[in-house]
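Contents: one structure, followed by commentary.
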Amino acid sequence: GKPAQNGYIERFNRSYREGVLDAYILTSIEQAQDETDTWMQDYNHHHPHESLGDKTPLEYEGIGI
């Protein structure tokens, strides 16, 4: 499919690529998994999301205020 057909997925892929794949020289699958886990924790809890009014998920839920 075309990238415009999957905008949310393409945005996530870009965020992941910039946050993990382009940011580190990964030397093992284990290192890739560790960096991915760290990135996912930040992305899912502390990273502002445009879809949430540029709030973090914790702020949006009223937990991180």
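The values are calculated or read from the model by the stated rules, or taken from the named source; none is laboratory data. Not measured: the values here are computed from a predicted model. Using ideal geometry, Cβ is built from the backbone for each residue, glycine included, and neighbour counts are taken over all protein chains shown. Surface accessibility is based on the protein's heavy atoms, side chains included, excluding ligands, DNA and RNA. Shrake-Rupley method; radii C 1.70, N 1.55, O 1.52, S 1.80 Å.
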### Message
Considering only protein heavy atoms and a probe of 1.4 Å, how much of the accessible area of the chain is carbon and sulfur, as a whole percent?
### Response
50 percent
### Query
Plugging the Kirkwood radius over Cα pairs into Stokes-Einstein for the chain, at a temperature of 37 °C and a viscosity of 0.692 mPa s, what D comes out in µm²/s?
249 µm²/s
### Task
Give me the accessible area per residue for segment 9-56, probe 1.4 Å, as a whole number in Å².
77 Å²
### Task
List every residue whose amide H lies under 5 Å from the amide H of residue 49, counting only residues 5 or more places away in sequence or on a different chain, with H placed 1.01 Å from N in the peptide plane.
54, 55, 56
### Rounded to the nearest 20 debye, dipole of segment 9-65 from Cβ charges on Lys, Arg, Asp, Glu
160 debye
### Query
What length, rounded to one decimal in nm, is gained on full extension from residue 16 through to residue 32, with 0.36 nm per residue of separation minus their alpha-carbon distance?
4.6 nm
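When the helix-only estimate is applied to the chain (DSSP H runs of n ≥ 4, each -39,500 (n - 2.57), divided by the residue count), what is the mean residue ellipticity at 222 nm, nearest 500 deg cm²/dmol?
Details: 3 runs with 32 residues, N = 65.
Calculated at 222 nm, the ellipticity per residue is -15000 deg cm²/dmol.
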### Task
Of the options 62, 49, 32, report the single residue whose Cα projects farthest towards the positive end of the charge dipole of the chain (beta-carbon charges: Lys, Arg +1; Asp, Glu -1).
49
